[in-house]
Structures are given as C-alpha cells and as structure tokens.
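Notes follow once the structure below has been shown.
The values are calculated or read from the model by the stated rules, or taken from the named source; none is laboratory data. Keep in mind the model is a prediction, meaning the values are calculated, not measured. Neighbour counts run over all protein chains shown; Cβ positions are idealised from the backbone, glycine included. Surface accessibility is based on the protein's heavy atoms, side chains included, excluding ligands, DNA and RNA. Shrake-Rupley method; radii C 1.70, N 1.55, O 1.52, S 1.80 Å.
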Amino acid sequence: MLGVKNLHKSFGNNQVLKGIDFQVDEGEVIAIIGSSGSGKTTLLRCMAFLEQADDGIYTFDDLSKEIRSITRKEIKELRMKMGFVFQSFNLFRNKTALQNVMEGLVVARKMDQKQAEEISMKMLEKVGMTDRANYYPDQLSGGQQQRVAIARALAANPEVIFFDEPTSALDPELTGEVLDVMVKLAEEGTTMVIVTHEMEFARNVADRVIFMENGVVVEEGPAKEILSDPKEEATRRFLRRILRNEEE
C-alpha cells in the first residue's frame, strides 16, 4: 500500500535519514521507536510530504516514483489520502472543536457546510467528544484536544493515519484516553503509523515495531518479538533505558 525505498533526508550538513526502507500494508499498525534525534519524526513527515525528502522511491497504491520527480499535483492527491496527528495538537485556537474538524473538509475538499458538519459530528462522536463540539481548544484538556485532532484526521476518511508522538505532550493521567481511541481504531482495521514512546501500547496494539537509531532502521519485526526479545544490542540498550526511566 505505502512504502519508501532508500529514503534520504538532510538538513544542511546534518544527514537525518540515511537510506530508509519502509513498508506498511493496508490495515497494519506500525510503531516506530527510538531515541530523540534518531529520525523518527522526519521519516513520518517525509512520508506525509510535510517535509520534502532528498532522494528515494515513494510508493502509494498504484503510484511508484522517484521522490524528486513527484509533482505538486500528485503530492496534493496523495495528501488527500492521509491523516496526520501532531504531538502538539495543532488546533486553530479561534475555532471550536467542531470547526477544527470541519476545516479541512470545507477548505481543502470544498465540501458543503451541512455535509461537513454531519461528518465532523460523527467523528467527534467516535472519539467521545460530541459534548465538547462547541468548546474552543483553550477550554479543553490536552487529552481532549488530541482527541479532536484525531477526529480531524479521521474526517477525511484517509487510507493511512500518521501519529507523531500523540501522547508525549500529555500528563500521564490524560494519556490513557488518547490511547483508548487509538486502540479502538486499530481494532477497526485503521492503517496507522505511530511514532511513540509508549512501549506497552506498542506491544499490545502494533503489528510491527521498527527501531531507528542515527537515521537508519536497526531492527524491525513483530511487536511482541522485538519488544520482548530484540536481536540487536542497540535495541536492547534502548529498551533497557526506557524501562529504567519508567521505574524511576
């Protein structure tokens, strides 16, 4: 369904992605783990065309092209098939929860207001936020804002949703409500690629885990296998550190 081959990305002299091969199939949930600075978020942003990669082959459904030759029109069409949930919510502060969900449907997809509102209310219901539809972001908790952001991503009926550390800006007590929504999406067969530091969630929900370090994929495989018995020392070292931090 979606993949990149030999993907490279640099910022000035800093080479962030060093030839990544990555594939996600329809209905699959993939968790990407690794230390800060390993290239996880950059990979996600390049796959969603929020950043322009320098080199590599990009595949989505029937399209397979060298990434530098993909046209603006093709990028726009590809983005219509994707949803993206940001670490910091990225909601419009001057719009209600409902208006935030509707925005992409009305502006990008030119949908009429009535239809956009119906779809948006259904998506807010899906994430348990209909009672907050007319609240502004500043009136919502972080967990509620992130659930609105997920509803916004779902509203466009995307083929894949990218999540960039969706709980890292949340207090621990608010993390669960966001993860519960994501578990439900996984159970419904939603294709998701998730950069996360929530190891228990990755173990229980992801089909595959990818461990990145220094801009390369060090190890990948079934989630329970990688997180319980990794083969690479770098993966073991990372998981030991995560476990130690959780115990402190």
Tell me which residues come under 5 Å, amide H to amide H, from Ile70 once H is placed; ignore anything under 5 positions away on its chain.
-> none
For the chain, whose charge dipole is built from +1 on Lys and Arg Cβ atoms and -1 on Asp and Glu Cβ atoms, the candidate among Thr42, Gly176, Ala31 with its Cα farthest towards the positive end is Thr42
Could you pull out every residue, at least 5 positions away or on a different chain, whose amide H is within less than 5 Å of the one on Ile32? Hs are placed 1.01 Å off N in the peptide plane, and Pro or chain starts have none.
-> Ile194, Val195, Thr196, Ile210
Residue-normalised accessible area of segment 43-118, expressed per residue, 1.4 Å probe, Å² = 55 Å²
Diffing segment 184-195: the Karplus 3J(HN,Hα) column from phi (6.51, -1.76, 1.60, θ = phi - 60°), in whole Hz with x for Gly and Pro, holds 4, 4, 4, 5, 7, x, 5, 6, 9, 10, 10, 7
Sequence-distant or interchain residues sharing an amide H contact under 5 Å with Gln87, placed H: which?
-> Asp164
Sparse-neighbourhood loop sites, trypsin sites (Lys or Arg not before Pro) in segment 84-142 - DSSP loop, at most 15 other Cβ within 10 angstrom | Arg93, Lys95, Arg109, Lys110
So, with a 1.4 angstrom probe, what is the percent of accessible area on the chain that is carbon and sulfur?
-> 46 percent
Kindly report the accessible area of segment 206-248 per residue (heavy atoms of protein chains, probe 1.4 Å, no ligands, DNA or RNA), in Å².
-> 60 Å²
